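This report refers to the structure that appears directly beneath it.
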Amino acid sequence: MSRVQPVVSVRNLSKAYPLRAWWGGKGTVFRAVHDVSFDIAPGETLGLVGESGSGKSTIGRAVTMLNPPTAGTVAFEGTDLATLSPRALRRMRSRIQTVFQDPYAALNPRMSVGAYVAEAFRLHRPDMNATERRAAVAHLFERVGLDPAFMGRFPHQFSGGQRQRICIARAIALKPSFIVADEPIAALDVSIQAQVVNLLQDLQADLGLAYLFISHDLRMVRYLCHRVAVLWRGRIVELAESDRLYEDPRHPYTRRLLAAVPLPDPAAERARLAARARDEQADGLPGDLVEVAPGHWVADH
Ligand SMILES: Nc1ncnc2c1ncn2[C@@H]1O[C@H](COP(=O)(O)OP(=O)(O)OP(=O)(O)O)[C@@H](O)[C@H]1O
Ligand SMILES: [Mg+2]
């Protein structure tokens, strides 16, 4: 897909969750993600969009090995993560970070935010002493637009946007080359969302970061992402450069997603959703991806 070595290379990734049969019979599995493949180049942002339950977070957690895939491979800078020892995986994971939707849940309410960011160094940088850690944390606070004088404060003393900045400071502390951002702005005030997105862009330019950016916000995805993958029922149905995808969507699901503006009248909205369900029934399951133009992949339909 790209000429340079990708930071992340995902091949035929599937994730099935066991479904426990309540009647005591043999449990079956729910296939949340099925046969997904993509690369992300250094410094690139790949957007991942799709309706709720389509498997976006499952892919994000599989790629970082927080919740490993049931099939397929994830290679990070050319190394298959499944082949690493637990110790080597821990070391490698310092270079793969995640930023979540809810920064308050990620933070420890009883730990000062400075100590929280410093924890990254305590866990992974035994060579640093307390003074060095403090200086490094102060530098990170400045880098994400927070006053280092606030290092001793606790999470509840910050706004949502500031808390997300703290999580981002911790995510970049160990100089990762890849960050999974799972709905990082969805819980923030609209007025704050652009600031956090701009921070992510600045950090990408400075540090050469690659992002997997998971979002419901199709406008923000177009603005931020170089390429976009559209997920439907656990499968990629379309993948293309952002402008191309938005200007020339080919898969019926992508078209519906881009056209999906909820209607204010409940009866009209019910009718719209029913029509969409009928369309989806008629479409059947998406097939293999076909390259319809250079870099533009569409599932057979
Ligand atoms: N631990 C789990 N056990 C069983 N099923 C799960 C588990 N985690 C997720 N699922 C199911 O897998 C599917 C995909 O979930 P996932 O959280 O990846 O979706 P998503 O695209 O991130 O949705 P959202 O936009 O709501 O965050 C859903 O149907 C969900 O119910
Ligand atoms: Mg999710």
Per-selection Kirkwood Rh - segment 1-103 (Cα, Å, 1 d.p.): 15.0
Unit Cα scatterers, Debye sum, segment 43-180: log10 I(q)/I(0) for q = 0.11, 0.20 Å⁻¹: -0.46, -1.24
Percent of Cα pairs exceeding the 15 Å cut-off, where the set is segment 126-167: 41
Added length on full extension, which subtracts the Cα-Cα distance from 0.36 nm per residue, ALA71 to ASN108: 10.0 nm
For segment 185-301, alpha-carbon Rg and Dmax in angstrom: 16.3, 49
Structure-based [θ]222 nm, the chain - -39500 (n - 2.57) summed over DSSP H runs of at least 4, per residue, nearest 500: -11500 deg cm²/dmol
Translational D in µm²/s for the chain (Stokes-Einstein at 25 °C, 0.890 mPa s, Kirkwood Rh from C-alpha pairs): 119
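Please identify the helices of the chain, taking whole runs of DSSP H, that span at least 24 Å along their own axis as judged from the Cα atoms and have a mean Kyte-Doolittle score of 0.0 or higher.
190-207
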Net lengthening on full extension, GLN281/ARG20 (0.36 nm per residue, minus Cα-Cα): 91.3 nm
Relative contact order (%) - criterion: Cα under 8 Å, at least six apart; region: the chain: 21
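Every number in this text was worked out from the coordinates using simple rules, so none of it is lab data. Please read these numbers as outputs of a predicted model, since none were measured by experiment.
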